[in-house]
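Each reported figure results from applying straightforward, stated rules to the coordinates on display, with no laboratory input. Note that the structure is a prediction, hence the values are computed from the model and not measured. Please note: Cβ atoms are built from the backbone with ideal geometry, for glycine as well, and neighbour counts cover all protein chains shown.
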Amino acid sequence: MLNSEFGVPSSEFLLLLIGTYLFASLNSAIVLFKLSGKSDPRAQFSQNAGTTNVYRQAGLFWAFLVLLTDVSKAVIIAVCADWLLPRQHIPWIGLAMICGNRFPCWHHFQGGKGVAHYIGFTSVAAPEVTIAALLAWILVYCVWCIPFVASIIMVCVLAVGAATSQPWNGIAGFATIITALLICYNHKRNIMELGIESVEFGIRK
């Protein structure tokens, strides 16, 4: 909660912002792999501590468990934010959550990309938007069979839908845009690799 639109943040807002970052910094994939005696998920393949990379390393069960844990954490954060703060300030909590997932203080600031967290967070305030975004992911994946492309499209649908379905002010809209851009930026390695593959394919043709 802010004392004014550009005023001094309230104690509730600051505490929830910091608490959200710390809670989101507990990366589900890293913690679950460590508890089960598996190696760090960041050590192989895409070096990302997220659902897709967990699926490549440990299979469907562990990937689903990580996804469920990430979404559940985000739902808890969103419910707390909805209970304690005005609607127009909730997107900043979402941004803190994505920052915690991407730059976790408990795991040397190397975490996941934030897609699953954003799904869970948005589902509380805009469940119909979340359903539309999931359908968009399925459609894009069926066409291109590239998970990260489908995820980026889904995040864009979530951000646009969340921004247009709530009575937020300009600051809230700015936080939503920054959150979506950060998640897309987290896929920069995938984007670069796809670009290199496209160039190489064009040369071979």
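Here are the numbers for this structure:
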item	result
Label-to-label distance, nm, for residues given as ILE146 and VAL79 (7 Å Cα→Cβ offset)	3.8
Net charge of neighbours whose Cβ lies under 12 Å from the Cβ of ILE76, counting Lys and Arg as +1 and Asp and Glu as -1	-1
Ranked LEU95, LEU60, LEU85, LEU194, criterion: other C-beta atoms within 10 Å, fewest first	LEU60, LEU194, LEU85, LEU95
Net lengthening on full extension, ALA132/ARG56 (0.36 nm per residue, minus Cα-Cα)	24.7 nm
C-alpha long axis of helix 60-84 to longest principal axis of the chain, angle in °	10
Candidates GLY120, GLY100, GLY37, ranked by Gaussian network fluctuation over the chain, Cα under 10 Å, top entry	GLY37
Point-to-point label distance, SER10-ASN169, nm (Cα→Cβ direction, 7 Å offset)	1.3
Fewest-first ranking of PHE61, PHE174, using other Cβ atoms within 10 Å as the exposure measure	PHE61, PHE174
Total formal charge among the other residues, if their Cβ is under 15 angstrom from that of GLN57, Lys/Arg +1 and Asp/Glu -1	+3
Relative exposure of HIS117, HIS89, HIS108, judged by other C-beta atoms within 10 Å (fewest first)	HIS108, HIS89, HIS117
